[in-house]
1. Yes or no: Lys72 basic (Lys, Arg) and in a helix (DSSP H, G or I)?
2. Among the numbered conditions (1) in a helix (DSSP H, G or I); (2) surrounded by fewer than 21 Cβ atoms within 10 Å (Cβ to Cβ), tell me where Gly308 comes up short.
3. So, of the residues in segment 289-302 that are assigned to a helix (DSSP H, G or I) and touching a helix residue (DSSP H, G or I) at 6+ places or on another chain (Cβ under 9 Å), which turns out to be surrounded by the fewest Cβ atoms within 10 Å (Cβ to Cβ)?
4. Among Thr24, Thr49, which is the only one that is at pLDDT 90 or above, among the hydroxyl-bearing types (Ser, Thr, Tyr) and under 20 Å from the mean Cα position of the chain (by Cα)?
5. Hey, can you tell me all the residues within segment 112-143 that are under 16 Å from the mean Cα position of the chain (by Cα) and among the β-branched types (Val, Ile, Thr)?
6. Kindly indicate the residue of segment 225-244 that is on the phi < 0 side of the Ramachandran plot and free of Cβ contacts under 8 Å to residues at least 40 places away in the same chain and also surrounded by the most Cβ atoms within 10 Å (Cβ to Cβ) among those meeting that condition.
7. Within segment 115-128, does at least one residue satisfy the condition of being farther than 30 Å from Glu298 by Cβ and outside any helix (DSSP H, G or I)?
8. Is it the case, given these coordinates, that Val255 is in a helix (DSSP H, G or I), modelled with pLDDT of 85 or more and closer than 30 Å to Thr95 by Cβ?
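The values are calculated or read from the model by the stated rules, or taken from the named source; none is laboratory data. Everything numeric here is computed off the predicted structure, so don't read it as measured data. Quick reminder, even Gly has a Cβ in these numbers, built from the backbone with ideal geometry, and neighbours come from all protein chains shown.
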Amino acid sequence: MSSHSDARLFGIPLKWISLFLMVTQMVGMVFILRVSRTEHVDGPRYLNTTAIFASEVVKFFASFCLHWWTSKSTSDCFAKLWAQTADKPVELMKTCVPSLLYTLQNNLLFIGLSHLSAGTYQVTYQFKILTTASLSVLILGTKLSADKWFALVLLTAGVVLVNTSGNHAAMSEEAEGSETIGLSAVGAACFTSGLAGVYLEKILKQSGASLWIRNMQLASFGAAFALVIAYRSDGELINKDGFLQGYTRLVWSVVICQAVGGLLVAAVMKYADNILKCFGCAIAILFTCILSVVVLHEFVPDLRFVMGTCLVLIATAVYSLGLPCSLDTLAGMRLVRSMEKAIIKNECMDV
């Protein structure tokens, strides 16, 4: 029986198909969302709160289709769904917390991309690695290797360099908002992303629900939270111009792209491995920066931005893959050498 890594579609390995789709989604999501929030529109602009609700609905049905496709039969599909929802209401309610956090995160990311260039946003958002790692240590008691701590230091330095570079001056003064709002929103999104990820990891380890069932649960609660947030934040605008005001093909592309993002990452992890996922993230960051400079003309990268981006790319790789010779190994080698020297010294003294 062939493994997941050997699975093919039309003769092409699924790991390469899933990697290509993940990179396309990561770059495309940032690019089209940025364009959709900054392009000139004649009528009312679409509301990001309603777009998040729509993406959660799309995510629910996409997850349901994948759950049905991976089930043995239709009856088996609904039996498993019933067993993990109606039969386990307490477990079901546990998904409320990450659902709310992910909904808040998505709203914050829309705000961030309304105020930051695509390149700055993509690099800064990698700061979620630090927040996730820190919260994982605090909440789950995870122990990080010296390699990972080194990567987190590099990541922090890289993000600081990017956000202290002179590239933000290229943002037009009549832009919709300020850089401070954008950076604050992305920073808060990194925190909510880390907290949601750690909490979700904790409940996944205690549950037998499949990935697709869990995604359906998250999407259903997420849609409910998004709907409440939409009417509390933009109720007057919704009542005036409609729930789907300003929706165009581009906006629907944003909705679909937002919905399938998590599913594509899951596919990469299933059919490929962490190395390819890391490789894909690095490509996505580079392509987003290139598009931001060449296509959107949002800024001209200076030395700080280039150095910061390189540090973030290196940090992402080191955190996921480790160093060729890990720092833990080097520390161990130093300890062994010190012990050898001490033993030799003692032997010499005995003589």
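1. It is false that Lys72 is basic (Lys, Arg) and in a helix (DSSP H, G or I).
2. Of (1) in a helix (DSSP H, G or I); (2) surrounded by fewer than 21 Cβ atoms within 10 Å (Cβ to Cβ), only one is false for Gly308: (2).
3. Our first condition is that a residue be assigned to a helix (DSSP H, G or I); within segment 289-302, this holds for 289-294.
Within this subset, residues satisfying the condition of being touching a helix residue (DSSP H, G or I) at 6+ places or on another chain (Cβ under 9 Å) are 289-293.
On the way: Cys289: 24, Ile290: 14, Leu291: 19, Ser292: 25, Val293: 19.
The selected residue is Ile290.
4. Just a single option satisfies the conditions, and that option is Thr49.
5. If the condition is that a residue be under 16 Å from the mean Cα position of the chain (by Cα) and among the β-branched types (Val, Ile, Thr), then Thr120, Val123, Thr124, Ile129, Thr131, Thr132 are the ones that fit.
6. So the first thing to find is which residues in segment 225-244 are on the phi < 0 side of the Ramachandran plot, and the list is 225-241, 243-244.
From what is left, the residues that are free of Cβ contacts under 8 Å to residues at least 40 places away in the same chain are 228, 231-232, 235-236, 239-240.
Values: Val228: 14, Tyr231: 16, Arg232: 9, Gly235: 11, Glu236: 9, Asn239: 10, Lys240: 10.
Once the filter is applied, the top-ranked residue is Tyr231.
7. no
8. Details: in a helix (DSSP H, G or I): yes; modelled with pLDDT of 85 or more: yes; closer than 30 Å to Thr95 by Cβ: yes.
So Val255 passes the test.
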